[in-house]
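Peer 1: Provided herewith is a single structure, encoded as structure tokens, for subsequent inquiry.
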Amino acid sequence: MLEVVVLGGGFCGAAVAKHLDKVKGLKVVLIDDEDFFEYTPGLVDM
């Protein structure tokens with residue numbers, strides 16, 4: 001099994017990890033210094 005490590009869980013990192021997670025036979029590990037994802041464009045609507 002091939003393993004891919006994605007560093008950074010921002011917009012691009014999360015999108016890449018989600019896309020790669022759909023590939024069969026591929027293990028995806030997402031590493032980020034936060035344990036949450038903050039959608040900052042959504043803060044304007046608050």
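The values are calculated or read from the model by the stated rules, or taken from the named source; none is laboratory data. Predicted model only: the values in this text are computed from it and were never measured. All Cβ positions, glycine included, derive from the backbone under ideal geometry; neighbour counts span all protein chains shown.
Peer 1: Take the residues of segment 1-25 that are without any contact (Cβ under 8 Å) to a residue 24 or more places away in the chain and among the aliphatic types (A, V, I, L, M): which is surrounded by the most Cβ atoms within 10 Å (Cβ to Cβ)?
Peer 2: Looking at the filtered set, the residue picked out is ALA17.
Peer 1: Looking at this structure, is VAL28 in contact with a helix residue (DSSP H, G or I) (Cβ under 6 Å, 6 or more places away or on another chain) and in contact (Cβ under 8 Å) with a residue 12 or more places away in the chain? Walk me through how you get there before you give the answer.
Peer 2: Numbers: in contact with a helix residue (DSSP H, G or I) (Cβ under 6 Å, 6 or more places away or on another chain): yes; in contact (Cβ under 8 Å) with a residue 12 or more places away in the chain: yes.
For VAL28, the condition - in contact with a helix residue (DSSP H, G or I) (Cβ under 6 Å, 6 or more places away or on another chain) and in contact (Cβ under 8 Å) with a residue 12 or more places away in the chain - is met.
Peer 1: So PHE36 fits all but one of (1) assigned to a loop (DSSP other than H, G, I, E, B); (2) surrounded by 10 or more Cβ atoms within 10 Å (Cβ to Cβ); (3) among the hydrophobic types (A, V, I, L, M, F, W, C); what number is the exception?
Peer 2: Only one criterion is unmet by PHE36, namely (2).
Peer 1: Restricted to segment 24-46, and to residues that are at pLDDT 95 or above and out of contact with any strand residue (DSSP E or B) (no Cβ under 9 Å at 6 or more places or on another chain), which residue is nearest to LEU2 (Cα to Cα)?
Peer 2: Quick first cut of segment 24-46, residues at pLDDT 95 or above only: 24-33.
This time we only want the ones that are out of contact with any strand residue (DSSP E or B) (no Cβ under 9 Å at 6 or more places or on another chain), so: 24, 33.
On the way: LYS24: 10, ASP33: 24 Å.
Across segment 24-46, the extreme among qualifying residues is LYS24.
Peer 1: Among the residues of segment 8-25, what is the count of those that are aliphatic (A, V, I, L, M) and under 22 Å from PRO41 (Cα atoms)? Explain how you work it out, then say what you get.
Peer 2: Here is the first cut: in segment 8-25, the ones aliphatic (A, V, I, L, M) are 14-17, 20, 23.
This time we only want the ones that are under 22 Å from PRO41 (Cα atoms), so: 14-17.
Summing the residues that are aliphatic (A, V, I, L, M) and under 22 Å from PRO41 (Cα atoms) in segment 8-25 gives 4.
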